[in-house]
Structures are given as C-alpha cells and as structure tokens.
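The values are calculated or read from the model by the stated rules, or taken from the named source; none is laboratory data. Not measured: the values here are computed from a predicted model. No Cβ is skipped: glycine too gets one built from the backbone with ideal geometry, and neighbour counts run over all protein chains shown. These area figures cover heavy atoms from the full protein model, side chains too; ligands, DNA and RNA do not enter into them. Shrake-Rupley method; radii C 1.70, N 1.55, O 1.52, S 1.80 Å.
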Amino acid sequence: MITDDLATPFEHIDGDTAIAIARERFGLDVERAQRFETERDDTFKVSGGDGAYALKLAHPSDAPEWIDFEIACVEHALAHDRTLPLARFLPVAGASWDPGTIDRAAVVAVGRDGTPTVERIARCAPWLHGVAVRSAPRTIAQITSIAIEQSRLAAALAGLEHPAADRVLAWDVQHLSDLRTKADAVPAATRATVVAILDAFDTVVAPALHELPRQVIHGDANLDNVLVAEHDAARVVAILDFGDASRSARIIDLAVAASYLLPVTPTDPTANDVLTAVTSAAGSVAPLETLERDLLPLLTACRLAQRLILGSWLTAAAPENIDYVSRSLAITAGQLESMLPLIAPDLRGL
C-alpha cells in the first residue's frame, strides 16, 4: 500500500540537537531553535549571529534518492528561473553527499536518553520571511498570484529528469484510486460524497491521465507551504517543501493549489471564482490544454477527497500527530461541499 509508511512513528529530535547539527554540519553560528509541526519530518527555525535558517531532518524511512530528488528540484527550477521564490539548500560543511552530486545534505546520527541511534538526512536553507497563506485574508488578487507562481515553478521544472521522479506517493492525486480501502475512515456525513468522487476519478480522470501533459510538479501548494508578504497578502514571497514532488499530470499542481484556496468563510471568493482565477492566471504563464481546463474542477474535488481520506485515516493511525493531521478536516469537508455544484455532472448516486 502506498500509505504503508505515512503513519510510521519516529523519535523526534529536540532543539539542542537541531542547533548542534546546524553548527557542526552546516557551519552556522546559531543558538536558538523553534520547532514547526509537519507531517513526517523534523523542521526547525534555527537562528543566531548568522541569521535565520530552516533546518529539516527527513523521516528515517525516506530514501536518500528522494532527498536528492527534492534538492534537484530546487536546483533545476532556480537554474531555469532565478527569480522564483525558492530557498536554495546550503552546502554541507566538509562533508560529501552520496548518491547524488549535489553536496547539500548530510547524513547525521541522532539518538538521546538511551534511544537507539538512527541515521537521518539533514538539509538547511535560508529562512524565507513571510506570512503563511493560512493566516492571510483571501482575495482574488492573492489567488491569482499563487496560481501564477505555481505555474512559473511548473514551467521551470519542466524537463527535469531524476531516478526518483517517478516515486509513488500517497499524496499524489494520480494515485487516488489506491486510497479507496481507506475511505471507511472518513466521517459518515461526508463518506458518500468521497466515494462518489472516487468513482468519478476511476471513470473520468484515470482514463484521461495518459492524455494530459506530464512533468515533475511541486504537488503541495498548501496553506503553510506558500508565504505572502506581511503587508501585501497578494504577493507570494516563498514556495516551500518539495516533499510531495513527483512526475505527475501538470494540471494536478493547480488542482492542489485551488483546493486550499476554496471558500472557508462567507466573505471568501466562491469556488467558481477561485477556479476561474486559477485557470486564467495559469494560462497567462503557459497555455492550458482543453482537457486540462475541463478536468480542473473534478481534480480539485479529488484532492479534497484525498485530504479527507488521508486526514481521517492518519488521525486514527497516528494519534501522536493528531493535532497536525486533523486540524483541517472540517474545513475540507466544507470546501468539498462548495465544489459539488461544479462537478455534479461527474458524480453518480448523490
């Protein structure tokens, strides 16, 4: 199952260990560490005399090839468009990196208080200052800006080849059918809708996947992975985290972004307005094919169904991380409700 390692627990490192790694492996003068909650790694803001940096320690089960691929995504994108709002990982101080040729990650051994020593892969990048979209007011101007930046990033990633690009991820919408066995975890009030979307994916989307433009995509423009300027919520200043990058249908990247920008409050832009803005903005960067435009609403709903399935299942399977994985389930269900009028012709039995 593609979900096999999503709920695998691991021993988190503490702030002192994070500071030591930043000093010893990346040569940084830092003295403070602030943890940020994530799904499957350790992420810290480490800061001091050298400024502020993001330090990430991958999940122990993440393959080195995966980390090399994620670093290669950033390198490739910036090589093709240096104006993209991405943070380049720092070179490792006096260490070699295997299997790739990009010397921007280090294998570190961590363990404390008698726990077994485990090897983890560490990366460090300059801290990008901004406000997470989650905390910023939603406007059409902001939605347009996010869609433009994601489309610019997709254009810069086109042509990237890497041995790990075809990794199979539970969070890649093209594999939604594989999550059907987890749909029972979805609350009863929403389960029928989720199953109907799974059926629509199998009958409408899956047969068309081979016809869609494919390339490496970022795949995770969620409300925490896109930052906007503190005094201008319509200006994107950072796109973070390539942990869900893979080779997939290009339009899925926009569907993922759109799914998080759907209305949450009565004053937010409507679902139709969101999709219209996303489509128009993306088209201003690179023309979308007719099939991509036609499938965007259903793929957006597919991402919402995916979020409900995995969020509900992980809430039960990984209770130690319940606050992180469950915080948006009710919001996601409401957003899915807002999408139903736009995808009604694709759904049966509702």
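Figures for the structure shown
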item: Projected-area average for the range 196-350 over all orientations - Cα convex hull basis, square nanometres; result: 10.2 nm²
item: Size of the range 216-278 as Cα extents on the principal axes (Å, biggest first); result: 36, 27, 16
item: Over the range 22-164 - Rg/Rh using Cα atoms and the Kirkwood inverse-distance radius; result: 0.99
item: Options S280, L310, T43, ranked by Cα towards positive dipole end of the chain, top entry (Cβ charges); result: S280
item: Normalised convex hull volume, the chain, alpha-carbon set, Å³ per residue; result: 134 Å³
item: G48 long-range amide H proximity, modeled H, under 5 Å; result: E31
item: T8-A316 pseudo-label distance in nm [points 7 Å out on the Cα-to-Cβ vector]; result: 2.3 nm
item: Positive-end residue of L198, A234, H210, charge dipole of the range 192-239 with Cβ unit charges; result: H210
item: Accessible surface of the chain, 1.4 Å probe, proportion on carbon and sulfur as whole %; result: 52 percent
item: In order through the range 80-93: 3J(HN,Hα) via Karplus (6.51 cos²θ - 1.76 cosθ + 1.60), integer Hz, x for Gly, Pro; result: 9, 7, 5, 8, 5, x, 10, 9, 7, 5, 6, x, 7, 6
item: Where only alpha carbons of the range 144-218 are counted, the Rg and the Dmax (Å); result: 15.4, 43
